[in-house]
Number of protein chains: 2
Amino acid sequence: MRYELFYWPEIQGRGEFVRLALEDAGASYGDMARKPGGMNRMMAMMNGVRDKRPPFAPPFLKAGNLVIAQVANILFFLGPRLKLAPRDEAGRLWLHQLQLTVADFVKEIHDTHHPVGSGLYYEDQKPEARRYAENFLDERVPKYLGYFETVLKKSGGPFLLARKTTYIDLSIFQLIEGLRYAFPRAMKDIERKVPGLVEVRDKVAARPRIKAYLASPRRIAFNEMGIFRHYPELDR
Amino acid sequence: MRYELFYWPEIQGRGEFVRLALEDAGASYGDMARKPGGMNRMMAMMNGVRDKRPPFAPPFLKAGNLVIAQVANILFFLGPRLKLAPRDEAGRLWLHQLQLTVADFVKEIHDTHHPVGSGLYYEDQKPEARRYAENFLDERVPKYLGYFETVLKKSGGPFLLARKTTYIDLSIFQLIEGLRYAFPRAMKDIERKVPGLVEVRDKVAARPRIKAYLASPRRIAFNEMGIFRHYPELDR
(Lines give C-alpha, C1' and ligand atoms only; values in the text may rest on other atoms or scores of the structure.)
Protein backbone atom coordinates (compact mmCIF):
# COMPACT_ATOMS: atom_id res chain seq x y z
CA MET A 1 0.00 0.00 0.00
CA ARG A 2 1.31 3.46 -0.91
CA TYR A 3 0.05 6.13 1.50
CA GLU A 4 -0.55 9.78 0.73
CA LEU A 5 -0.08 12.18 3.63
CA PHE A 6 -1.58 15.66 3.43
CA TYR A 7 -0.22 18.30 5.76
CA TRP A 8 1.07 21.89 5.75
CA PRO A 9 4.35 21.75 3.83
CA GLU A 10 6.44 24.15 5.91
CA ILE A 11 6.12 22.79 9.43
CA GLN A 12 6.53 19.60 11.41
CA GLY A 13 3.34 20.38 13.31
CA ARG A 14 0.84 17.66 14.03
CA GLY A 15 1.75 15.90 10.78
CA GLU A 16 5.14 14.95 12.22
CA PHE A 17 3.62 12.33 14.52
CA VAL A 18 2.36 10.54 11.40
CA ARG A 19 5.56 11.11 9.40
CA LEU A 20 7.61 9.50 12.18
CA ALA A 21 5.47 6.36 12.09
CA LEU A 22 5.63 6.07 8.31
CA GLU A 23 9.38 6.67 8.32
CA ASP A 24 10.11 4.25 11.15
CA ALA A 25 8.20 1.52 9.35
CA GLY A 26 9.89 2.23 6.03
CA ALA A 27 6.45 2.68 4.50
CA SER A 28 5.97 3.90 0.98
CA TYR A 29 4.36 7.33 1.21
CA GLY A 30 4.21 10.75 -0.37
CA ASP A 31 4.17 14.01 1.58
CA MET A 32 1.69 15.38 -0.90
CA ALA A 33 1.43 19.09 -0.08
CA ARG A 34 5.19 19.43 -0.53
CA LYS A 35 4.88 18.37 -4.16
CA PRO A 36 3.90 20.66 -7.09
CA GLY A 37 0.15 21.23 -7.08
CA GLY A 38 -0.16 19.40 -3.78
CA MET A 39 -1.45 22.33 -1.76
CA ASN A 40 -4.30 22.87 -4.21
CA ARG A 41 -5.24 19.22 -3.98
CA MET A 42 -5.16 19.32 -0.17
CA MET A 43 -7.38 22.41 -0.04
CA ALA A 44 -9.83 20.88 -2.52
CA MET A 45 -10.12 17.76 -0.39
CA MET A 46 -10.77 19.83 2.72
CA ASN A 47 -13.38 21.88 0.94
CA GLY A 48 -15.09 18.63 0.03
CA VAL A 49 -15.21 19.49 -3.65
CA ARG A 50 -15.47 15.83 -4.59
CA ASP A 51 -15.44 14.08 -1.22
CA LYS A 52 -18.53 13.20 0.78
CA ARG A 53 -16.51 12.97 3.98
CA PRO A 54 -14.23 16.03 4.03
CA PRO A 55 -11.74 16.37 6.91
CA PHE A 56 -11.99 19.35 9.25
CA ALA A 57 -8.24 20.02 9.13
CA PRO A 58 -4.90 18.50 8.13
CA PRO A 59 -3.19 16.17 8.65
CA PHE A 60 -5.10 13.52 6.77
CA LEU A 61 -4.02 10.30 5.16
CA LYS A 62 -5.25 8.76 1.94
CA ALA A 63 -5.01 4.97 1.96
CA GLY A 64 -6.67 3.60 -1.14
CA ASN A 65 -10.21 4.97 -1.08
CA LEU A 66 -10.08 5.85 2.62
CA VAL A 67 -9.36 9.39 3.77
CA ILE A 68 -8.59 9.51 7.50
CA ALA A 69 -8.06 12.66 9.56
CA GLN A 70 -7.02 13.38 13.16
CA VAL A 71 -3.52 12.28 14.12
CA ALA A 72 -4.59 9.73 16.72
CA ASN A 73 -7.14 8.24 14.33
CA ILE A 74 -4.53 7.98 11.56
CA LEU A 75 -2.09 6.25 13.92
CA PHE A 76 -4.84 3.94 15.18
CA PHE A 77 -5.42 2.91 11.57
CA LEU A 78 -1.74 2.66 10.62
CA GLY A 79 -0.51 1.03 13.84
CA PRO A 80 -1.14 -2.64 13.10
CA ARG A 81 -0.41 -2.15 9.37
CA LEU A 82 3.03 -0.70 10.16
CA LYS A 83 3.64 -3.17 13.00
CA LEU A 84 3.74 -0.30 15.47
CA ALA A 85 0.76 -1.43 17.55
CA PRO A 86 -0.37 -4.59 19.30
CA ARG A 87 -3.02 -6.63 17.51
CA ASP A 88 -5.41 -7.31 20.39
CA GLU A 89 -8.32 -4.91 20.96
CA ALA A 90 -7.41 -4.09 24.56
CA GLY A 91 -3.85 -3.22 23.58
CA ARG A 92 -4.92 -1.11 20.63
CA LEU A 93 -7.44 0.85 22.71
CA TRP A 94 -4.86 1.44 25.44
CA LEU A 95 -2.29 2.66 22.92
CA HIS A 96 -4.93 4.88 21.31
CA GLN A 97 -5.87 6.29 24.71
CA LEU A 98 -2.24 7.27 25.31
CA GLN A 99 -2.05 8.89 21.87
CA LEU A 100 -5.22 10.88 22.59
CA THR A 101 -3.52 12.14 25.75
CA VAL A 102 -0.59 13.20 23.55
CA ALA A 103 -3.09 15.04 21.33
CA ASP A 104 -4.44 16.91 24.36
CA PHE A 105 -0.90 17.80 25.38
CA VAL A 106 -0.05 19.01 21.86
CA LYS A 107 -3.04 21.35 21.89
CA GLU A 108 -1.84 22.83 25.19
CA ILE A 109 1.67 23.21 23.76
CA HIS A 110 0.19 25.06 20.76
CA ASP A 111 -1.71 27.34 23.09
CA THR A 112 1.48 28.56 24.80
CA HIS A 113 1.85 30.95 21.86
CA HIS A 114 -1.85 31.18 20.96
CA PRO A 115 -3.84 31.33 24.20
CA VAL A 116 -6.46 33.79 22.90
CA GLY A 117 -7.09 32.51 19.40
CA SER A 118 -5.37 30.42 16.75
CA GLY A 119 -6.42 32.89 14.06
CA LEU A 120 -4.63 35.83 15.73
CA TYR A 121 -0.92 36.61 15.58
CA TYR A 122 1.34 35.69 18.47
CA GLU A 123 2.39 39.34 18.59
CA ASP A 124 -1.20 40.26 19.45
CA GLN A 125 -1.42 37.92 22.43
CA LYS A 126 2.01 38.13 24.05
CA PRO A 127 0.96 39.10 27.60
CA GLU A 128 -1.60 36.30 27.67
CA ALA A 129 1.00 33.90 26.24
CA ARG A 130 3.45 34.73 29.03
CA ARG A 131 0.87 34.02 31.71
CA TYR A 132 -0.23 30.84 29.98
CA ALA A 133 3.32 29.56 29.45
CA GLU A 134 4.29 30.07 33.07
CA ASN A 135 1.40 27.93 34.30
CA PHE A 136 2.02 25.46 31.48
CA LEU A 137 5.67 24.90 32.44
CA ASP A 138 4.98 24.77 36.18
CA GLU A 139 1.89 22.56 36.12
CA ARG A 140 1.05 20.99 32.81
CA VAL A 141 4.37 19.72 31.43
CA PRO A 142 5.28 17.96 34.71
CA LYS A 143 1.77 16.52 34.88
CA TYR A 144 1.72 15.11 31.34
CA LEU A 145 5.32 13.89 31.27
CA GLY A 146 4.99 12.55 34.82
CA TYR A 147 1.97 10.56 33.68
CA PHE A 148 3.83 9.01 30.74
CA GLU A 149 6.80 8.25 33.01
CA THR A 150 4.41 6.39 35.33
CA VAL A 151 2.95 4.45 32.39
CA LEU A 152 6.47 3.50 31.32
CA LYS A 153 7.42 2.31 34.81
CA LYS A 154 4.24 0.30 35.22
CA SER A 155 4.80 -1.44 31.87
CA GLY A 156 8.24 -2.61 33.01
CA GLY A 157 9.81 -0.94 29.94
CA PRO A 158 11.92 -0.39 27.99
CA PHE A 159 9.04 1.07 25.92
CA LEU A 160 5.67 2.47 26.95
CA LEU A 161 3.90 -0.74 25.99
CA ALA A 162 6.75 -2.82 27.46
CA ARG A 163 8.96 -4.83 25.14
CA LYS A 164 7.89 -3.67 21.69
CA THR A 165 8.24 -0.24 20.14
CA THR A 166 4.89 1.28 19.22
CA TYR A 167 3.86 4.62 17.78
CA ILE A 168 3.49 6.17 21.24
CA ASP A 169 7.27 5.87 21.70
CA LEU A 170 7.80 7.84 18.49
CA SER A 171 5.42 10.50 19.81
CA ILE A 172 7.31 10.69 23.11
CA PHE A 173 10.48 11.27 21.11
CA GLN A 174 8.81 14.11 19.23
CA LEU A 175 7.38 15.68 22.39
CA ILE A 176 10.77 15.78 24.06
CA GLU A 177 12.53 17.07 20.95
CA GLY A 178 9.92 19.78 20.52
CA LEU A 179 9.84 20.84 24.16
CA ARG A 180 13.64 21.02 24.20
CA TYR A 181 13.51 23.29 21.16
CA ALA A 182 10.76 25.52 22.56
CA PHE A 183 11.68 25.66 26.24
CA PRO A 184 15.36 24.68 26.63
CA ARG A 185 15.78 26.24 30.07
CA ALA A 186 12.66 24.77 31.61
CA MET A 187 13.27 21.35 30.08
CA LYS A 188 16.68 21.04 31.77
CA ASP A 189 14.89 20.90 35.12
CA ILE A 190 11.86 18.96 34.02
CA GLU A 191 13.80 16.19 32.27
CA ARG A 192 15.52 15.21 35.51
CA LYS A 193 12.19 13.93 36.76
CA VAL A 194 11.41 11.78 33.72
CA PRO A 195 14.64 9.84 33.06
CA GLY A 196 12.74 6.90 31.61
CA LEU A 197 11.15 9.02 28.89
CA VAL A 198 14.53 10.51 28.02
CA GLU A 199 15.81 6.98 27.53
CA VAL A 200 12.86 6.22 25.25
CA ARG A 201 13.71 9.39 23.31
CA ASP A 202 17.33 8.23 22.93
CA LYS A 203 16.31 4.73 21.83
CA VAL A 204 13.96 6.14 19.19
CA ALA A 205 16.61 8.59 17.92
CA ALA A 206 19.01 5.67 17.45
CA ARG A 207 16.65 3.57 15.35
CA PRO A 208 18.26 3.31 11.90
CA ARG A 209 15.28 4.53 9.84
CA ILE A 210 14.55 7.40 12.25
CA LYS A 211 18.22 8.37 12.28
CA ALA A 212 18.28 8.43 8.48
CA TYR A 213 15.04 10.40 8.38
CA LEU A 214 16.23 13.04 10.85
CA ALA A 215 19.35 13.59 8.73
CA SER A 216 17.35 13.85 5.49
CA PRO A 217 15.68 16.87 3.88
CA ARG A 218 12.34 15.17 4.53
CA ARG A 219 12.64 16.25 8.19
CA ILE A 220 11.56 19.89 8.27
CA ALA A 221 13.47 21.94 10.86
CA PHE A 222 11.64 23.31 13.90
CA ASN A 223 10.55 26.87 13.26
CA GLU A 224 8.27 29.62 14.56
CA MET A 225 5.30 28.61 12.41
CA GLY A 226 4.79 25.19 13.97
CA ILE A 227 3.47 23.79 17.25
CA PHE A 228 6.79 24.01 19.08
CA ARG A 229 8.11 27.57 18.86
CA HIS A 230 11.17 28.99 20.52
CA TYR A 231 10.18 32.33 21.99
CA PRO A 232 12.75 32.92 24.78
CA GLU A 233 10.35 35.24 26.62
CA LEU A 234 8.02 32.25 27.20
CA ASP A 235 10.72 30.01 28.66
CA ARG A 236 11.69 30.07 32.33
CA MET B 1 -22.61 -6.42 29.94
CA ARG B 2 -22.99 -3.98 32.81
CA TYR B 3 -20.82 -0.89 32.35
CA GLU B 4 -19.27 1.25 35.07
CA LEU B 5 -18.78 4.91 34.20
CA PHE B 6 -16.39 7.01 36.27
CA TYR B 7 -16.73 10.78 36.09
CA TRP B 8 -16.96 13.84 38.33
CA PRO B 9 -20.30 13.53 40.11
CA GLU B 10 -21.44 17.16 40.05
CA ILE B 11 -21.18 18.12 36.39
CA GLN B 12 -22.27 16.99 32.95
CA GLY B 13 -18.82 17.79 31.59
CA ARG B 14 -17.14 15.44 29.17
CA GLY B 15 -18.82 12.46 30.82
CA GLU B 16 -22.17 13.57 29.43
CA PHE B 17 -21.25 12.50 25.90
CA VAL B 18 -20.84 8.96 27.23
CA ARG B 19 -23.92 9.10 29.47
CA LEU B 20 -26.07 10.09 26.49
CA ALA B 21 -24.92 7.06 24.50
CA LEU B 22 -25.50 4.66 27.39
CA GLU B 23 -28.92 6.19 28.08
CA ASP B 24 -30.04 6.23 24.45
CA ALA B 25 -29.15 2.55 24.11
CA GLY B 26 -30.87 1.61 27.36
CA ALA B 27 -27.60 0.08 28.51
CA SER B 28 -27.13 -1.20 32.02
CA TYR B 29 -24.61 1.08 33.70
CA GLY B 30 -23.65 2.69 36.97
CA ASP B 31 -22.51 6.29 37.33
CA MET B 32 -20.00 5.17 39.91
CA ALA B 33 -18.64 8.39 41.39
CA ARG B 34 -22.18 9.44 42.32
CA LYS B 35 -22.51 6.40 44.59
CA PRO B 36 -21.22 6.13 48.17
CA GLY B 37 -17.46 5.51 48.15
CA GLY B 38 -17.36 5.99 44.39
CA MET B 39 -15.12 9.04 44.38
CA ASN B 40 -12.49 7.19 46.40
CA ARG B 41 -12.60 4.30 43.99
CA MET B 42 -12.29 6.65 40.99
CA MET B 43 -9.29 8.43 42.48
CA ALA B 44 -7.60 5.12 43.35
CA MET B 45 -8.01 3.94 39.75
CA MET B 46 -6.51 7.18 38.43
CA ASN B 47 -3.60 6.92 40.81
CA GLY B 48 -2.95 3.46 39.50
CA VAL B 49 -2.97 1.89 42.92
CA ARG B 50 -3.83 -1.51 41.50
CA ASP B 51 -4.03 -0.84 37.77
CA LYS B 52 -1.15 -1.19 35.34
CA ARG B 53 -2.85 1.11 32.85
CA PRO B 54 -4.16 4.10 34.80
CA PRO B 55 -6.15 6.74 32.93
CA PHE B 56 -4.86 10.31 32.79
CA ALA B 57 -8.27 11.80 33.63
CA PRO B 58 -11.98 11.01 33.84
CA PRO B 59 -14.22 10.01 32.23
CA PHE B 60 -13.32 6.38 31.98
CA LEU B 61 -15.40 3.28 31.50
CA LYS B 62 -14.96 -0.11 33.05
CA ALA B 63 -16.25 -2.92 30.83
CA GLY B 64 -15.36 -6.26 32.34
CA ASN B 65 -11.59 -6.17 32.77
CA LEU B 66 -11.10 -3.29 30.34
CA VAL B 67 -10.69 0.28 31.56
CA ILE B 68 -11.05 2.79 28.71
CA ALA B 69 -10.47 6.54 28.98
CA GLN B 70 -10.92 9.49 26.61
CA VAL B 71 -14.49 10.22 25.51
CA ALA B 72 -13.93 9.52 21.82
CA ASN B 73 -12.15 6.26 22.63
CA ILE B 74 -14.97 5.16 24.94
CA LEU B 75 -17.56 5.93 22.26
CA PHE B 76 -15.48 4.16 19.62
CA PHE B 77 -15.54 1.08 21.86
CA LEU B 78 -19.21 1.37 22.81
CA GLY B 79 -20.54 2.39 19.39
CA PRO B 80 -21.04 -1.03 17.77
CA ARG B 81 -21.96 -2.63 21.11
CA LEU B 82 -24.75 -0.10 21.67
CA LYS B 83 -25.77 -0.13 18.00
CA LEU B 84 -24.83 3.53 17.71
CA ALA B 85 -22.10 3.06 15.09
CA PRO B 86 -21.74 1.38 11.71
CA ARG B 87 -19.96 -1.96 11.72
CA ASP B 88 -17.59 -1.45 8.78
CA GLU B 89 -14.08 -0.13 9.45
CA ALA B 90 -14.39 2.88 7.13
CA GLY B 91 -17.62 3.97 8.76
CA ARG B 92 -16.30 3.52 12.27
CA LEU B 93 -13.14 5.52 11.52
CA TRP B 94 -15.18 8.31 9.93
CA LEU B 95 -17.53 8.48 12.90
CA HIS B 96 -14.54 8.46 15.26
CA GLN B 97 -12.93 11.27 13.27
CA LEU B 98 -16.06 13.38 13.72
CA GLN B 99 -16.11 12.62 17.45
CA LEU B 100 -12.46 13.67 17.74
CA THR B 101 -13.42 16.97 16.12
CA VAL B 102 -16.14 17.29 18.78
CA ALA B 103 -13.43 16.67 21.40
CA ASP B 104 -11.33 19.50 19.95
CA PHE B 105 -14.37 21.77 20.00
CA VAL B 106 -15.17 20.84 23.62
CA LYS B 107 -11.65 21.79 24.68
CA GLU B 108 -12.08 25.20 23.02
CA ILE B 109 -15.45 25.62 24.73
CA HIS B 110 -13.81 24.83 28.08
CA ASP B 111 -11.13 27.42 27.39
CA THR B 112 -13.68 30.24 27.04
CA HIS B 113 -13.64 30.40 30.84
CA HIS B 114 -10.12 29.02 31.34
CA PRO B 115 -7.88 30.48 28.64
CA VAL B 116 -4.80 30.84 30.88
CA GLY B 117 -4.88 27.62 32.88
CA SER B 118 -7.35 24.96 33.93
CA GLY B 119 -5.92 24.95 37.45
CA LEU B 120 -6.65 28.66 38.02
CA TYR B 121 -9.99 30.20 38.96
CA TYR B 122 -12.13 31.86 36.31
CA GLU B 123 -12.09 34.98 38.48
CA ASP B 124 -8.32 35.16 37.97
CA GLN B 125 -8.50 35.10 34.18
CA LYS B 126 -11.55 37.18 33.34
CA PRO B 127 -9.95 39.71 30.96
CA GLU B 128 -8.29 36.90 29.01
CA ALA B 129 -11.57 34.99 28.98
CA ARG B 130 -13.42 37.94 27.47
CA ARG B 131 -10.90 38.27 24.65
CA TYR B 132 -10.90 34.53 24.06
CA ALA B 133 -14.70 34.24 24.07
CA GLU B 134 -15.14 37.04 21.55
CA ASN B 135 -12.88 35.35 19.04
CA PHE B 136 -14.43 31.98 19.90
CA LEU B 137 -17.98 33.15 19.14
CA ASP B 138 -16.99 35.06 16.00
CA GLU B 139 -14.68 32.49 14.45
CA ARG B 140 -14.63 29.11 16.09
CA VAL B 141 -18.29 28.27 16.77
CA PRO B 142 -19.33 29.11 13.20
CA LYS B 143 -16.37 27.14 11.86
CA TYR B 144 -17.05 23.98 13.88
CA LEU B 145 -20.84 24.03 13.56
CA GLY B 146 -20.57 25.01 9.89
CA TYR B 147 -18.36 21.99 9.33
CA PHE B 148 -20.84 19.61 10.96
CA GLU B 149 -23.68 21.20 8.97
CA THR B 150 -21.70 20.49 5.78
CA VAL B 151 -21.13 16.89 6.86
CA LEU B 152 -24.87 16.51 7.49
CA LYS B 153 -25.77 17.95 4.09
CA LYS B 154 -23.27 15.77 2.27
CA SER B 155 -24.62 12.65 3.98
CA GLY B 156 -28.11 13.38 2.71
CA GLY B 157 -29.43 13.28 6.30
CA PRO B 158 -31.47 13.14 8.38
CA PHE B 159 -28.51 12.22 10.65
CA LEU B 160 -24.81 12.93 10.31
CA LEU B 161 -24.11 9.44 9.02
CA ALA B 162 -27.26 9.54 6.87
CA ARG B 163 -30.17 7.27 7.77
CA LYS B 164 -29.15 5.81 11.13
CA THR B 165 -28.66 7.59 14.43
CA THR B 166 -25.12 7.26 15.73
CA TYR B 167 -23.34 8.65 18.77
CA ILE B 168 -22.22 11.76 16.88
CA ASP B 169 -25.87 12.86 16.69
CA LEU B 170 -26.13 12.61 20.47
CA SER B 171 -22.99 14.74 20.76
CA ILE B 172 -24.42 17.36 18.40
CA PHE B 173 -27.48 17.51 20.64
CA GLN B 174 -25.26 18.07 23.67
CA LEU B 175 -23.15 20.74 21.94
CA ILE B 176 -26.22 22.75 20.95
CA GLU B 177 -27.81 22.37 24.38
CA GLY B 178 -24.61 23.43 26.07
CA LEU B 179 -23.89 26.37 23.77
CA ARG B 180 -27.46 27.60 24.21
CA TYR B 181 -26.98 27.48 27.97
CA ALA B 182 -23.61 29.22 27.92
CA PHE B 183 -24.10 31.76 25.12
CA PRO B 184 -27.84 32.28 24.59
CA ARG B 185 -27.48 35.61 22.79
CA ALA B 186 -24.76 34.52 20.39
CA MET B 187 -26.46 31.22 19.65
CA LYS B 188 -29.63 32.93 18.43
CA ASP B 189 -27.66 34.31 15.50
CA ILE B 190 -25.41 31.32 14.96
CA GLU B 191 -28.20 28.75 14.90
CA ARG B 192 -29.81 30.39 11.90
CA LYS B 193 -26.87 29.23 9.82
CA VAL B 194 -27.05 25.60 10.92
CA PRO B 195 -30.72 24.64 10.62
CA GLY B 196 -29.86 21.03 9.85
CA LEU B 197 -28.02 20.59 13.13
CA VAL B 198 -30.90 22.15 15.03
CA GLU B 199 -33.17 19.54 13.45
CA VAL B 200 -30.78 16.80 14.56
CA ARG B 201 -30.89 18.29 18.07
CA ASP B 202 -34.69 18.22 18.03
CA LYS B 203 -34.81 14.64 16.76
CA VAL B 204 -32.44 13.48 19.49
CA ALA B 205 -34.38 15.34 22.20
CA ALA B 206 -37.53 13.52 21.09
CA ARG B 207 -36.06 10.02 21.31
CA PRO B 208 -38.01 8.24 24.09
CA ARG B 209 -35.03 7.11 26.17
CA ILE B 210 -33.29 10.50 25.85
CA LYS B 211 -36.51 12.29 26.77
CA ALA B 212 -36.91 10.11 29.85
CA TYR B 213 -33.27 10.62 30.77
CA LEU B 214 -33.44 14.41 30.47
CA ALA B 215 -36.46 14.47 32.78
CA SER B 216 -34.79 12.19 35.33
CA PRO B 217 -32.49 13.05 38.26
CA ARG B 218 -29.72 11.21 36.41
CA ARG B 219 -29.35 14.27 34.15
CA ILE B 220 -27.29 16.77 36.13
CA ALA B 221 -28.30 20.38 35.43
CA PHE B 222 -25.89 22.69 33.64
CA ASN B 223 -23.90 24.70 36.16
CA GLU B 224 -20.83 26.91 36.51
CA MET B 225 -18.47 24.05 37.35
CA GLY B 226 -18.79 22.24 34.03
CA ILE B 227 -17.63 22.73 30.46
CA PHE B 228 -20.56 24.91 29.43
CA ARG B 229 -20.84 27.85 31.83
CA HIS B 230 -23.21 30.76 31.63
CA TYR B 231 -21.18 33.88 32.33
CA PRO B 232 -23.20 36.69 30.68
CA GLU B 233 -20.08 38.86 30.34
CA LEU B 234 -18.65 36.29 27.90
CA ASP B 235 -21.73 36.22 25.66
CA ARG B 236 -22.29 38.69 22.85
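The values are calculated or read from the model by the stated rules, or taken from the named source; none is laboratory data. Since the structure is predicted, the reported quantities are computational estimates derived from the model, not experimental observations. Cβ placement follows ideal geometry from the backbone for every residue including glycine, while neighbour counts extend to all protein chains displayed.
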Exactly one of A:F76, A:F17 is outside the structural domain of A:S171 (by TED's automatic domain parsing), touching a helix residue (DSSP H, G or I) at 6+ places or on another chain (Cβ under 8 Å) and touching a residue at least 40 places away in the same chain (Cβ under 8 Å), and that one is A:F17
B:G79: passes all of (1) surrounded by fewer than 21 Cβ atoms within 10 Å (Cβ to Cβ); (2) more than 10 Å from chain A (Cβ to nearest Cβ); (3) small (G, A, S) but (1)
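Could we say that B:V67 is at pLDDT 95 or above, over 18 Å from the mean Cα position of the chain (by Cα) and not in a helix (DSSP H, G or I) here?
yes
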Checked against (1) in a loop (DSSP other than H, G, I, E, B); (2) over 16 Å from the mean Cα position of the chain (by Cα), A:D189 satisfies every condition except (1)
Quiz item: Quick one: would you say B:V49 is among the aliphatic types (A, V, I, L, M) and crowded, with 21+ Cβ neighbours inside 10 Å?
Solution: no
Expected output for the stretch B:105-118 (first residue in contact (Cβ under 8 Å) with a residue 40 or more places away in the chain, partner part of a loop (DSSP other than H, G, I, E, B) and not hydrophobic (A, V, I, L, M, F, W, C), Cβ below 7 Å, 6+ apart or cross-chain) is B:V106/B:R14; B:H113/B:R229; B:H113/B:Y231
Within the stretch B:82-98, residues being more than 9 Å from chain A (Cβ to nearest Cβ), crowded, with 22+ Cβ neighbours inside 10 Å and more than 21 Å from B:M1 (Cβ to Cβ) number 0
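Just give me the residues in the stretch A:7-54 being part of a loop (DSSP other than H, G, I, E, B), among the small types (G, A, S) and either at negative phi or over 15 Å from the mean Cα position of the chain (by Cα) (or both), in sequence order.
Those that are part of a loop (DSSP other than H, G, I, E, B), among the small types (G, A, S) and either at negative phi or over 15 Å from the mean Cα position of the chain (by Cα) (or both): A:A25, A:G26, A:A27, A:S28, A:G37, A:G48.
Okay, residues lined up against (1) at the interface with chain A (Cβ under 10 Å from one of its Cβ atoms); (2) of a type in the set (K, R); (3) crowded, with 20+ Cβ neighbours inside 10 Å:
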{"site": "B:K107", "(1), (2), (3)": "yes, yes, no"}
{"site": "B:H113", "(1), (2), (3)": "no, no, yes"}
{"site": "B:L120", "(1), (2), (3)": "yes, no, no"}
{"site": "B:E123", "(1), (2), (3)": "no, no, no"}
{"site": "B:E128", "(1), (2), (3)": "yes, no, yes"}
{"site": "B:F136", "(1), (2), (3)": "yes, no, yes"}
{"site": "B:V141", "(1), (2), (3)": "no, no, yes"}
{"site": "B:L145", "(1), (2), (3)": "no, no, yes"}
{"site": "B:L152", "(1), (2), (3)": "no, no, yes"}
With the first residue restricted to the stretch A:45-70 and required to be of a type in the set (V, I, T), and the second required to be in a loop (DSSP other than H, G, I, E, B), Cβ contacts under 7 Å at 6 or more apart or on different chains are A:V67/A:D51; A:V67/A:R53; A:V67/A:P55
Checking A:Y167, A:Y231, A:Y213, A:Y147 in turn, the sole residue that is of a type outside the set (D, E, K, R), closer than 23 Å to A:F76 by Cβ and outside the structural domain of A:D104 (by TED's automatic domain parsing) turns out to be A:Y213
Of the listed residues (B:N47, B:N40, B:N73), the one being within 12 Å of another protein chain (Cβ to nearest Cβ), farther than 26 Å from B:F105 by Cβ and polar (S, T, N, Q) is B:N47
Checking B:A57, B:A72 in turn, the sole residue that is crowded, with 23+ Cβ neighbours inside 10 Å, among the aliphatic types (A, V, I, L, M) and modelled with pLDDT of 95 or more turns out to be B:A72
Counting only helices (runs of 4 or more DSSP H) wholly inside the stretch B:77-156, the ones holding at least 2 residues that are in contact with a Cys (Cβ under 8 Å, 6 or more places away or on another chain) are none
